[in-house]
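See structure below.
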Amino acid sequence: MQNLRLFDYQIAICDKTSALNWALTALKSPTPQLLVTLNPEILLRAQQDARLDAALKAADLMVADGIGILWAAKLLAKPLPERVPGVELLFDLLARGSEVKAFFLGAKPGVAEKAAIIAQERYACRVVGHHHGYFKRPEDNAKIAELIRQSGANLLVAALGEGQEIFLHENRAALQIPLMIGVGGSLDVLSGEVTRSPIWSQKLRLEWAYRILSDPKRWYRLPRLARFVMLVLKRYRAKA
């Protein structure tokens, strides 16, 4: 699979079908594979966070989950086929039913458990374990990694919010899960705690704008997106 290089990160030039096929193969991998769904905020934070930067560079597959990444690719005259939303990729994976043995990690207490029940009813997949995302101490990481390893999962779904890729990367050897993917708030969506933006906003590539404008708690994201645009223009405009 060919890649686009953006800020030293290798982003796959692929559509949703190609990403899904890669993920299905990774489920059978003898070594842990890290799939990153990149958006502008993750990239922006990685410029200031060496641990996140290392995690992104260690990804086995990185896809564009964020219209800003598609915009940057177009600026570089290397357009990407389409956005690959992490939530949609997750649902497509779960829909493979018995092929999937998932562990849900993240969100508030009770959310991962509820999402597990719904996933098994809706997709006939197996969710072999779950744990909330409210753990901070280094010793907790080791205990949770061991819990996940012993579950027998072939898919680790991490909904730990910003920096979730750090946990996956730094615990890769301890986890020993064939496919690991960070999915942000996808467990909240799957559990029904949060509703996805309307279809019209997704088709118009305005899902991000709808989420921000409909929830004042998200308005802090606007300056971040503006900084991402300025960062891309500063580095690449002269080359475009």
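The values are calculated or read from the model by the stated rules, or taken from the named source; none is laboratory data. None of the values given here were measured: they were computed from a predicted structure. Quick reminder, even Gly has a Cβ in these numbers, built from the backbone with ideal geometry, and neighbours come from all protein chains shown. The accessibility values were calculated without ligands, DNA or RNA, using every heavy atom of the protein model including side chains. Shrake-Rupley method; radii C 1.70, N 1.55, O 1.52, S 1.80 Å.
Key figures
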| read-out | value |
| --- | --- |
| Rounded tilt (10° steps) of 111-123 against the dominant C-alpha axis of the chain | 90 |
| Between the range 61-78 and the range 30-44, the Cα center-to-center distance that results, in Å | 14 |
| Of the trypsin sites (Lys or Arg not before Pro) in the range 1-87, those whose Cβ has at most 15 other Cβ within 10 Å and which sit in DSSP loop | LYS28 |
| Hz values of 3J(HN,Hα) by residue in the range 4-11 - Karplus curve (6.51, -1.76, 1.60), Gly and Pro given as x | 10, 8, 9, 6, 6, 9, 9, 9 |
| Heavy-atom surface of the range 4-66, accessible at 1.4 Å and reported per residue (Å²) | 39 |
| Rounded accessible area per residue of the range 94-152, 1.4 Å, Å² | 56 |
| Nearest-ten-degree value, helix 221-236 long axis tilted from longest Cα axis of the chain | 60 |
| Value of Rg to Rh for the range 29-123 (Rh from inverse mean 1/r over Cα pairs, i.e. Kirkwood) | 1.02 |
| Heavy-atom accessible surface of the chain: percent carbon and sulfur, 1.4 Å | 53 |
| The chain: most fluctuating residue of PRO178, PRO109, PRO138 per GNM, C-alpha cutoff 10 Å | PRO138 |
| Residues of type aspartates and glutamates that LYS74 reaches as a straight line, Cα spacing below 12 Å, ignoring anything fewer than 8 places off in the same chain | GLU82 |
| Length gained when the stretch LEU24-ALA50 is fully extended (0.36 nm per residue, less Cα-Cα span) | 6.4 nm |
